[in-house]
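The values are calculated or read from the model by the stated rules, or taken from the named source; none is laboratory data. Note that this is a predicted model, so its numbers are computed, not measured. Glycine gets a Cβ as well: all are built from the backbone with ideal geometry, and neighbour counts include every protein chain shown. In case anyone asks, the SASA skips ligands and DNA or RNA and just uses the protein heavy atoms, side chains included. Shrake-Rupley method; radii C 1.70, N 1.55, O 1.52, S 1.80 Å.
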Amino acid sequence: MRRTLLPLAALALVLVAGGCKVEINGGATPGPGGTTVPSDSPVADPPFGDGSSANDNVSPSAAPPAKVPALTCDQVAESELGSTKVRYNNYPDPIPLTEGRWAGEDGVVVALQPPCATGDLTGDGAADALRAIMLDGGGTGKFWGIVLWRNVKGAPAYVGTVDLGDRTPIEKITISAGQAQVVYLTRPDDASMVELVIERTATYRLIGDKLEEIGYVDKPHS
């Protein structure tokens, strides 16, 4: 039996009539409804069986952490001195401050003083508080120091106290670049208590869990 080949012209006519377009070396392929899509055009990710696509697996950007409110100098005036780990002045329990003041049954009066600063000393990005304090034991001594509170979710947590000596009033406190500078008046070791002839600027840094002096500069005070 002799086979009859369909002429190429007739085959092309059938394909065109059927709404299809075929290119042997072309850059287009038939799309839905007879439209053509270039082969180099981007194609959306096919849906998975549940209707989702590969793009659905991309996690959205994480929300930035909430900013912790800075401690304030007024806030620490209603906090505590001492903690379960670090005692203040050897008192067995933390002592509560009311408007920056506390009076004990032994006659000791503790009072926060105006020099105060807030800033990050712990390196966690939250502003801590450092404030001057004076302890009056009922005699002639007036013992000055600085108290550091760590910022814990916007609340003050006692870190520790640094004693600066008897009758050494603090003039100013500043915090910058993870360090604190404390300006106070003092005297030579061989001078009387009333001879406040030195203005000392001491620099402190939190090392471990303690506020440590890392240096100071003196200049005459008249």
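Just a few scattered comments:
- What the range 66-129 shows is 58 Å² of accessible area per residue, with the surface traced by a 1.4 Å probe over protein heavy atoms.
- Peptides 174-185, 141-152 ordered by average Cβ neighbours within 10 Å, highest first: 141-152, 174-185
- Computed about its Cα centre, the charge dipole of the range 56-189 is approximately 220 debye, with only Lys, Arg, Asp and Glu carrying charge at their Cβ.
- Applying 0.36 nm per residue to the separation of LYS172 and GLU105 and subtracting their alpha-carbon distance, the gain on full extension is 21.0 nm.
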